[in-house]
C-alpha cells in the first residue's frame, strides 16, 4: 500500500506542474486548443504543436485518476478502521493508510497550486489548453 501511494505521489509531484501546457512552438503562435495545432490547409493533420495539448490531457486524466483512487483508498481505510474491532494493530494500519492518502492528495493539490501561483507571478497567460 505504501509503495502504491509513494508511486502516485512521485508521479504527480513531477507531472502536476503542467509543464507542457500551451508552449509556443513558433514565435508569435499561441497554441491553446486542438484547432490551433492542426496544420492549416490539411485535413486534420496534427503537428508537433499538439504535443503539449496531448501531454496536458494526460496530466489532467492522471490527476482525475489519482482523485478517484484517493477516494476509494479513504473508503477502504474507513472500512478497515470500522472492522478492526478494537485491535490496535488493525487500527494503526487503517490510520496509517488514511494519513498516507491525505498527505498524497495534499501534495498533488499543492503542486498544482504552487505552479499556478508561480504562473501568476511570472505572467504566464495560459497554463492549460482549452479542449
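A few points about this structure:
- Separation of alpha-carbon centers, region 47-81 and region 82-123, rounded to whole Å: 14
- Segments 64-75, 95-106, 79-90 sorted - mean Cβ within 10 Å per residue, highest first: 95-106, 64-75, 79-90
- Two-site FRET efficiency, residue 68 against residue 45, from Cβ-Cβ distance with R₀ of 35 Å, rounded to 0.05: 0.55
The numbers here are math on the coordinates, done by the rules we state, and not lab data. Only a predicted model underlies this, so the values are computations on that prediction, with no experimental measurement involved. Here the Cβ is made from the backbone with ideal geometry for all residues, glycine too, and neighbour counts use every protein chain on show.
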